[in-house]
Amino acid sequence: MDQQPSRDETPPAPAGQDSPGPECLLVCVSPGPLCQALIRAIHRLAAAQHARWYALYVETPAHARLSREDQERVSQALRLASQLGGQAVRISGFRIGDEILAFARENRIAKIFLGKPHRRRWRRFLGASLVDYLIWNCGPIDIFVISGEAEAAKPLKSGGAKLRPLWANYGLAGVGLALCTTVANVLFPYLALTSVAMMYLFTVVIIASALGRGPAILSSFLSVALTAFFFVPEYLSFELANTEYVVTLVVMLVVSTLISGLTARLRYQATVARQQERQANALFEMSQNLTGRYSLDALLDEAARQISRIFEGQAAILLPDAEARLILRAGDPIADYDVTEKIVAGWVFRHGHLAGAGTGTLPNVRGIYLPLKSSRQVIGVLRLEPHSHEGRLDSESLRLLEALANQVALAIEREELVTQARAGQLQVEAEKMRNILLSTVSHDLRTPLTVIAGAASSLLEEEGRLDGATRHEFVQTIYEEAKRLDRVVHNLLEMSRLQSGELKLNTEWHVLEEVIGCALAQLEGQLHDRPVSISLPADLPLVKLDVLLMERVFVNLLENAAKHTPAGAPIDIVCRVEGKTLQVEVADRGPGLLPGQEEKIFEKFYQAWPGRTRGAGLGLTICRSVIEAHGGRIWAENRPGGGAVFRFNLPLAEESPLDEYLPDEAAHPAH
Amino acid sequence: MKPRILLIEDDPQIRRFLRASLGAQGYELVEAGTGKEGLALAASQAPDVVILDLGLPDLEGIEVIRRLREWSSMPIIILSARGQERDKVANLDAGADDYLTKPFGMAELLARIRVALRRKLPSEEGKPVPVFSLGELKVDFERRRVFRGQEEIHLTPLEYKLLTVLIKYRGKVVTHSQLLKEVWGPAFIGQNPYLRIFILNLRRKLEADPTRPYYLITEPGVGYRLRDE
């Protein structure tokens, strides 16, 4: 570009202290059209010197009066600076020079770079320029002023939208003064001149606090003029009868301009504070709400909802899918999401640069698109379509939006890292589980298989030599072992289904008696030599449960009892209703549980008596998963008088499924 | 003439075992390894019963059932794996007559085949016997009386109707919705708890031990079946 650093304005003071480490550079950002070029130049300079650099913009009350284009230029310049590796800083203050120097001292800046000022000529006469001020006050810091090519065409004043409210303010100030003059005129016969002056001062204070600096200063002058014209002899003329009045009027002028200045400053500070508070609140709320979301989708939804609320628009978050196509992941569906919008979204995603409506880049769409940047890359795009402002945001809001987008990006990144970590952990656990499973299951599968293969081969090879009874014995063994193998496989399948989290209860209202009956029917072969007593209240209500899983619970509990007790030992099933729960117990008269085993037996692959009984150690684990999925609890204890008892409870629903359509007979079980 | 059975099953070992067992029982077996082949054989061989495996490589089992039902009412027995209760109901609703869960015993399969063949005989269809008896249970249709041994059992009209429907399909599974529709009417389809209460009451009247029913067998998640002989 065409900037050349000019050293003709080096400061007189020599570098007092050696700045430690690499030098820090500071670029002062102004709304001037060449600012971006300046930032690029400093970026190159800093890169050559391996220096850190800052881009600083001091926001004065005047900032609010800048045209939208100028404001946007400032934002763009700051964004550019942060993209190029500099640190973009915005501070608010009144005296640009002081703020710059304070910042420079705080951050040990060695060199300050400024664009050549493009002040309007009359202001140059009024006061020292910023450059002069900096040079006089910079101490050991070097000041560089960089000039652009001519005074690049100043953009046209932006439309009247911004000016109209100002004219209205001046008008209002005029009305206020007219009102004050009228009142003073009415009261004048009873008042001294000082009181009239006070009334005008009062009016100026009100105007300053309500309407801002310009109208306040205008009304200061006007009020002095009005006082001189109406209330100072000679009346109705500007001639002053007494020179003493000159003092009164001059003091009045000075006081009122001072007051208007101070009040306007207060007003500005209040506005800034309000804005900062709003931003801080929004950021705080966002960070609060984004932590502790349990899934990415919940997080994205929350973020989109909040951004929509803060900016009164439609926010949407687009993330790339596996083929790097942007997909709407959260927020309201985008009406007319046409090709142009898609192209802009894609551009933003690829370039990591904001674009869209109301920005300098690709503005011919309805949405504003911001990149969601994680620490490594662009991970998505945030889209906002404001309802008002003709789809545009002021630079203030845009800045807030950018900050929020950064937070969202960080939250997404954190969520992804958590997911990765969790997946890694799951994988380790799955690996461990697979190993245990393989060793346990291979044993449990191989035992019945060995028996089956052995019996079958005997039948094949020694067919002629076996008598009928032996043959029958073999065949019976094969059949029973095959059944057992089936149950082991079934439990394994059930377990993997329960573990994978795919378990979805398929609940219906059931008669418990029927469920127990099905379980008993399944175990007919195993339980044939045992007395199983069942005690159910005749008026047992219907229970809402998943019948296949609950049947599994009974099968596993009964099988468990059969496995651990000697043949012929009785098993008792007792059900009763206690308050709002159904209590069920399955009790045996076996050796009972060893102390400390009561909980362990529900763990996966736990064998109460290793080597003595066969089974994968999954039956009770499945029981626990199923009962807990039904909202109940299962536990085991020793039974008074010997043996073990497994108890579980299930919550009983308040409502009954039959009330509505059981008008006739048999609504109640026959006894 | 030997009853002809069409077996549509892709696993050669299961085909081999069924070929041996069913052959020994005096059935003629026609085998198909895929659904399409099975459909072709069903048309050309006119089997008396179809045994259909649900895990075919080329067609969904339900698709085979639908296509068969487009032109034929031949009995279809499906073979399903565990944990496919919903599929079972869907297949039964699509027109299958009965099902067996793998692994199954030969006795069960033969019982299903017998029921299916009996239902295919025109003499049995729609022609009620005057007295039905099963174990100790005796139902006199003409006088609408039910006995267990010597003792007369008093059933409500709906319970009696439920029992007669089950007798009509004895040995065969009847789904919840089919029972509700035939006993109470189509408006009651889906009111399974209602049916369960009636079955419970019926069991308490008919069964010696209602928790271990002998006559009224529950098919969990699917429906009920009245024991056959």
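Coordinate-derived values only; no laboratory data. Since we're looking at a predicted model, the values are computed, not measured. Note that we place each Cβ from the backbone using ideal geometry, even for glycine, and neighbour counts take in every protein chain shown.
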With no solvent term and unit scatterers on the alpha-carbon positions of region A:296-422, Debye gives log₁₀ I(q)/I(0) at q = 0.12 Å⁻¹ of -0.38
For chain A, the helices passing both cut-offs (Cα extent along own axis of 27 Å or more, Kyte-Doolittle mean at least -1.0, full DSSP H runs) are A:163-187, A:244-290, A:395-461, A:468-499
In nm², the average projected area of the convex hull spanned by the Cα atoms of chain B is 13.1
From the cross-link list B:Lys2/B:Lys161; A:Lys544/B:Lys138; A:Lys563/B:Lys88; B:Lys102/B:Lys172; A:Lys563/A:Lys600, the entries with a Cα-Cα span beyond 27 Å are B:Lys2/B:Lys161; A:Lys544/B:Lys138; A:Lys563/B:Lys88
Note: A:489-496 gets an average of partner chain Cβ contacts (10 Å, Cβ to Cβ) equal to 1
The distance between the Cα centres of region A:501-553 and region A:214-293, in whole Å, is 84
Within 10 Å of the Cβ of an average residue in A:513-521, the count of other chain Cβ atoms is 6
Going residue by residue through region B:86-92, the Karplus relation 6.51 cos²θ - 1.76 cosθ + 1.60 with θ = phi - 60° gives ³J(HN,Hα) values, rounded to whole Hz and with x marking Gly or Pro, of 5, 4, 4, 4, 4, 5, 5
Trypsin sites (Lys or Arg not before Pro) in region A:376-430 lying in a DSSP loop, each with at most 11 other Cβ atoms within 10 Å of its Cβ, come to A:Arg376
The extension gain from A:Leu466 to A:Ala178, computed as 0.36 nm times the residue separation minus the Cα-Cα distance, is 90.9 nm
Taking GluC sites (Glu not before Pro) as exposed when in a DSSP loop with at most 13 other Cβ atoms inside 10 Å, chain A has its longest clean stretch at A:1-148
Using alpha carbon positions and the Kirkwood radius, the Rg to Rh ratio of region A:503-660 is 0.96
Chain A: relative contact order from alpha carbon pairs under 8 Å, six or more residues apart, as a whole percent, is 7
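Relative contact order for region B:114-229 using alpha-carbon pairs under 8 Å, separation at least 6, rounded to a whole percent? Working shown, then result.
On the way: 132 pairs, mean separation 25.1, N = 116.
Averaging sequence separation for qualifying contacts and normalising by length gives 22 percent for region B:114-229.
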In degrees rounded to 10, the 0-90 angle between helix B:35-45 Cα long axis and the longest Cα principal axis of chain B is 80
Expressed as a whole number, the average count of other chain Cβ atoms within 10 Å around the Cβ atoms of A:544-552 is 2
Residue span A:Ala280 to A:Arg497: 0.36 nm per residue of separation minus Cα-Cα distance leaves a gain in nm of 73.4 nm
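For the protein assembly as shown, give the share of DSSP beta bridges that are antiparallel, in percent and rounded to the nearest 5; count only bridges with both residues there.
So the antiparallel bridges amount to about 60 percent of the total.
Using just the Cα positions, wrap the protein assembly as shown in a convex hull and report its mean projected area in square nanometres, one decimal place.
64.5
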Restricting to Cα pairs under 8 Å and 6 or more apart, the percent relative contact order of region B:48-162 works out to 18
Relative to chain B, whose Cα atoms define the longest principal axis, helix B:61-71 and its Cα axis are tilted in degrees, nearest 10, by 80
Label model pair A:Tyr479, A:Arg576: point-to-point distance (7 angstrom along the Cα→beta-carbon line) in nm is 4.1
For region B:138-181 the GluC sites (Glu not before Pro) that pass both the DSSP coil test and the at-most-12 other-Cβ-within-10 Å test are B:Glu142
1/(1 + (r/R0)^6) with r = Cβ-Cβ of A:Thr194 and A:Asn107, R0 = 51 Å, i.e. FRET efficiency to nearest 0.05, evaluates to 0.50
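When the chain is fully extended, how far beyond the present Cα-Cα distance does A:His50 get from A:Leu240, taking 0.36 nm per residue of separation?
On the way: separation 190, 0.36 × 190 = 68.40 nm, distance 6.82 nm.
Length difference between fully extended and current span is 61.6 nm.
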